[in-house]
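Quick notes on the structure that follows.
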Amino acid sequence: MASTSTSSSLPSASAAPAVARLADAPPEAEAETNANADAEAYERANVHSVYEAIAPHFSATRYKPWPAVAQFLNALPRGSVGLDVGCGNGKYLGVNPGVFMVGSDRSAALVALARDRLKEVPAGTGVKKAVGEDTSDVTNTTAPSSSSSKEGITDVLVADGLSLPFRDGAADFAICIAVIHHMSTRARRQDAIRQLLKCVRAGEAGKETGKVMVMVWALEQGSSRRGWDEGGEQDLLVPWVLKTPQQKQQKQPKQPKQPKQSRKQKKGAQHGQDQEGSDAAVAHANKSGEPPVPSPVPVPEPAAPATDAGGGVSHTDPVFQRYYHLYRKGELEEDVLAAGGLVLESGYEKDNWWTVATNNGPTLSQEQ
């Protein structure tokens, strides 16, 4: 589930009261279990079901990799095997054709779109030649909900980021881009990072330690149109306006062909010709308005339709609210350390904080 701008300029709403209730559970085991179930239900309503509803429209806006992520992927040795947890529509799966990647996402609709994207990858690219056919050391799932392209370039499947179906220590790398900020409690965000760290290889003699790259939305976005910044609220419901198809104008019947005109006749008639192309403009506007791929996740009722305030948002366009935790400076590194990882590098890129971390040894496997 990648992150750039939302499709509207509508204001965000506070999610702080709801999140505070989720985080304030007593430490008893039973209460902790109930609190986790409450957090799961909250995310199901305010994250997972929303992406099922907006998947095609959302996917149409997610096509360009973040430079920091592309740089990380392209620096990997040829033949590396890794994971894209929260792969969305799969835009990162083909960035480095010399590595084998398994993508997973909680949204079945986005996984279906990622699978369709993989079918478009030209034959002869990818890493079938580099790592061979056997990828059984990466995943222990026997029935992925989506399959690889016939060239064997990569695989995509439905999986929860807090319950990954991959073998511990089997991957050379993992990326998780614009996903963890959708977890509604800090404990769940740290656990999601812990799951990623468990998947990558720990340091061994003669082998480089596996690396994990995580990117999340930043609180410090003072220069963006959103206006969020240091000291502001961190838990928000951010609107997504689902652009509905605009009704096409009825086509006029074709006119009989006119005899060819001379250059002089054409020049004289230039100002009287009808301008075409309205159908093309409508088609462009509607390209992401097809119905979402069916899935077992219930689709939420949208909020009240958006009103047209001059920003191109129709009063008939439904609005969905997505939960986000906006990370303050240094918070992502704190979560990595709390999850048992070691921060190798970190930075800021266009309203996002990112970090590259590694598995800090055997303590991770001992905790589980």
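In the range 158-206, the residue that is farthest from Val238 (Cα to Cα) out of those that are open to solvent by 10 Å² or more (accessible area, probe 1.4 Å) and β-branched (Val, Ile, Thr) is Val158.
Residues are listed down the side, and each one gets a yes or a no for (1) more than 14 Å from the chain's Cα centre (by Cα); (2) of a type in the set (Asp, Glu); (3) at pLDDT below 95; (4) not in a loop (DSSP other than H, G, I, E, B):
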{"residue": "Asp84", "(1), (2), (3), (4)": "no, yes, no, yes"}
{"residue": "Cys87", "(1), (2), (3), (4)": "no, no, no, no"}
{"residue": "Leu93", "(1), (2), (3), (4)": "no, no, yes, no"}
{"residue": "Gly98", "(1), (2), (3), (4)": "yes, no, yes, no"}
{"residue": "Arg117", "(1), (2), (3), (4)": "yes, no, yes, yes"}
{"residue": "Gly124", "(1), (2), (3), (4)": "yes, no, yes, no"}
{"residue": "Lys129", "(1), (2), (3), (4)": "yes, no, yes, yes"}
{"residue": "Thr135", "(1), (2), (3), (4)": "yes, no, yes, no"}
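Looking at Leu236, is it outside any strand (DSSP E or B), of a type in the set (A, V, I, L, M, F, W, C) and open to solvent by less than 20 Å² (accessible area, probe 1.4 Å)? Judged against the criteria, Leu236 is not a match.
Across the range 207-223, the number of residues qualifying as open to solvent by 40 Å² or more (accessible area, probe 1.4 Å) and either modelled with pLDDT of 95 or more or assigned to a strand (DSSP E or B) (or both) comes to 2.
The values are calculated or read from the model by the stated rules, or taken from the named source; none is laboratory data. All figures in this text were calculated on a predicted structure; none of them were measured in a lab. Surface areas here come from the heavy atoms of the whole protein model, side chains and all, with no ligands, DNA or RNA. Shrake-Rupley method; radii C 1.70, N 1.55, O 1.52, S 1.80 Å.
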